[in-house]
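Step one of this worksheet: look at the structure below.
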Amino acid sequence: MKIAVCIKQVVTREWQVRVNDDKTWVRDADASWELNEPDAYALEEGLRLKEKHGGDVVVISAGPARASQVIREALARGADRAIHVEGDHFATADAFAVASALADALKDEQIDLVLTGLQSDDQGFAQVGVVLAEKLGIAHSTIIMEVEVSGTTLRVKRELEAGFFQWISMPLPAALTIQSGINQLRYATLKGIMAAKKKEIRVVSAAVPSVSRQRITSIYLPQKSKQTRMITGSPAEAAQELVRALREDARVF
């Protein structure tokens, strides 16, 4: 089985976000970067399927040259080789442009299964995996919590609303978007890090950059504010109002 895992480099969650002068994206120059967390779960699932059924895991990423950092990390965790679709414009590209570039790079690979994280931690549109499947002309399913492979058939468990789940069967080849928490992540060992230095990273350039269907017009940091509110009434009334305010106004539960 040949498995492709799509990964993305995103700013670390601990980094203090700074907006660029145009107010259209973050200031890349002084940002710190990491592997998109949902993609890490997709990678882990791909590695587990490989260990169970045999085959190869190919990681692919569309991004600037700096994305090689997370590609090397994926190789150190156990992926066999990588494809880097390099281009600075992918840093802010929408799902259509990214999926189009990934599809062009994968069309001759004869991939059996494509895995992506459910969504990215920066833009969070959850559309790259879906558009990629359409571009490749293969079946797809989203929000996957469990994957079973039997011959040329997949049986997958989807997470639905309100705590419900759905089991569906689908043919290979297919594309799945993986939900965070599907498995326990592994981390790169020293042996894996050393081995990653010898693994192939094929760098390709997007032949013709796809025109984005969306564009970011402005981003901003939310304004922080504090407000004290006194709740009056009897203890029972105050408790009832406090619960309502926490649920409906603050939405903490």
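Go over the candidates Thr153, Thr177 one by one and state the one that is surrounded by 18 or more Cβ atoms within 10 Å (Cβ to Cβ) and touching a strand residue (DSSP E or B) at 6+ places or on another chain (Cβ under 8 Å).
Details: Thr153 fails: surrounded by 18 or more Cβ atoms within 10 Å (Cβ to Cβ).
Of Thr153, Thr177, the one residue that is surrounded by 18 or more Cβ atoms within 10 Å (Cβ to Cβ) and touching a strand residue (DSSP E or B) at 6+ places or on another chain (Cβ under 8 Å) is Thr177.
Which condition breaks for Thr116 when tested against (1) among the hydroxyl-bearing types (Ser, Thr, Tyr); (2) over 16 Å from Lys2 (Cα atoms); (3) touching a helix residue (DSSP H, G or I) at 6+ places or on another chain (Cβ under 8 Å)?
So Thr116 meets the others, but not (2).
Being touching a strand residue (DSSP E or B) at 6+ places or on another chain (Cβ under 7 Å) and outside any loop (DSSP other than H, G, I, E, B): is that true of Val203 here?
Details: touching a strand residue (DSSP E or B) at 6+ places or on another chain (Cβ under 7 Å): yes; outside any loop (DSSP other than H, G, I, E, B): yes.
Taking the combined requirement at face value, the residue satisfies it.
Taking segment 87-130 only, how many residues are in a helix (DSSP H, G or I) and under 20 Å from Leu154 (Cα atoms)? Step through it out loud before you land on a result.
Filtering segment 87-130 down to residues in a helix (DSSP H, G or I) leaves 88-91, 95-106, 128-130.
Cutting the leftovers down to under 20 Å from Leu154 (Cα atoms) gives us 129-130.
The number of residues fulfilling the criteria is 2.
Sort through Arg202, Arg229, Arg215 and tell me the only one that's more than 28 Å from Gly46 (Cα to Cα) and under 28 Å from the mean Cα position of the chain (by Cα). Walk me through it before giving the result.
Working: Arg202 fails: more than 28 Å from Gly46 (Cα to Cα); Arg229 fails: under 28 Å from the mean Cα position of the chain (by Cα).
From the options Arg202, Arg229, Arg215, the qualifying one is Arg215.
Identify all residues within segment 140-176 that are at pLDDT below 95, under 22 Å from Phe125 (Cβ atoms) and hydrophobic (A, V, I, L, M, F, W, C); write none if there are none.
Leu160
From the list Glu51, Glu14, which one is within 23 Å of Arg155 (Cα to Cα), among the charged types (D, E, K, R) and without any contact (Cβ under 8 Å) to a residue 60 or more places away in the chain?
Working: Glu14 fails: within 23 Å of Arg155 (Cα to Cα).
Sole residue among the options that is within 23 Å of Arg155 (Cα to Cα), among the charged types (D, E, K, R) and without any contact (Cβ under 8 Å) to a residue 60 or more places away in the chain: Glu51.
Name the residues in segment 130-149 that are more than 13 Å from Leu113 (Cβ to Cβ), surrounded by fewer than 21 Cβ atoms within 10 Å (Cβ to Cβ) and free of Cβ contacts under 8 Å to residues at least 40 places away in the same chain, would you? Lay out the reasoning, then the answer.
Going residue by residue through segment 130-149, those that are more than 13 Å from Leu113 (Cβ to Cβ) are 130-131, 134-135, 137, 142-143, 145-146.
Adding the requirement that they be surrounded by fewer than 21 Cβ atoms within 10 Å (Cβ to Cβ) leaves 130, 134-135, 137, 142-143, 145-146.
Listed by number, the residues that qualify are Glu134, Lys135, Gly137, Thr142, Ile143, Met145, Glu146.
For Ala76, are the conditions met, namely being of a type in the set (A, V, I, L, M) and either free of Cβ contacts under 8 Å to residues at least 24 places away in the same chain or in a strand (DSSP E or B) (or both)?
Values: of a type in the set (A, V, I, L, M): yes; either free of Cβ contacts under 8 Å to residues at least 24 places away in the same chain or in a strand (DSSP E or B) (or both): no.
So Ala76 does not fit the description; no.
Just for segment 73-93: of the residues that are of a type outside the set (Gly, Ala, Ser) and buried (at least 20 other Cβ atoms within 10 Å of the Cβ), which one is farthest from Val211 (Cα to Cα)? Spell out the reasoning first.
Narrowing segment 73-93 to residues of a type outside the set (Gly, Ala, Ser): 73, 75, 77, 80-81, 83-86, 88-90, 92.
Those still in the list that are buried (at least 20 other Cβ atoms within 10 Å of the Cβ) too: 73, 75, 77, 83-85, 90.
Numbers: Glu73: 30, Leu75: 30, Arg77: 34, Ile83: 22, His84: 20, Val85: 16, Phe90: 11 Å.
The residue in question is Arg77.
Consider only pairs whose beta carbons are under 9 Å apart and that are at least six residues apart or on different chains; among these, list those whose first residue lies in segment 176-201 and is more than 30 Å from Met145 (Cβ to Cβ) and in contact (Cβ under 8 Å) with a residue 40 or more places away in the chain and whose second residue is surrounded by 17 or more Cβ atoms within 10 Å (Cβ to Cβ) and among the polar types (S, T, N, Q).
Ile201/Ser68
Out of all the residues in segment 219-238, is one or more closer than 30 Å to Val98 by Cβ, surrounded by 10 or more Cβ atoms within 10 Å (Cβ to Cβ), at pLDDT below 90 and not small (Gly, Ala, Ser)? Before you say what the answer is, go through the steps one by one.
As a first pass, look at segment 219-238 and keep what is closer than 30 Å to Val98 by Cβ: 219-222.
Next cut, surrounded by 10 or more Cβ atoms within 10 Å (Cβ to Cβ) only: 219.
Now restrict to residues that are at pLDDT below 90: 219.
Checking the rest, the ones that are also not small (Gly, Ala, Ser) come to 219.
Yes, some residue in segment 219-238 is closer than 30 Å to Val98 by Cβ, surrounded by 10 or more Cβ atoms within 10 Å (Cβ to Cβ), at pLDDT below 90 and not small (Gly, Ala, Ser).
The values are calculated or read from the model by the stated rules, or taken from the named source; none is laboratory data. Just so we're clear, the structure is a prediction, and the values are computed from it rather than from any experiment. Positions of Cβ are backbone-derived with ideal geometry, glycine not excepted, and every protein chain shown enters the neighbour counts.
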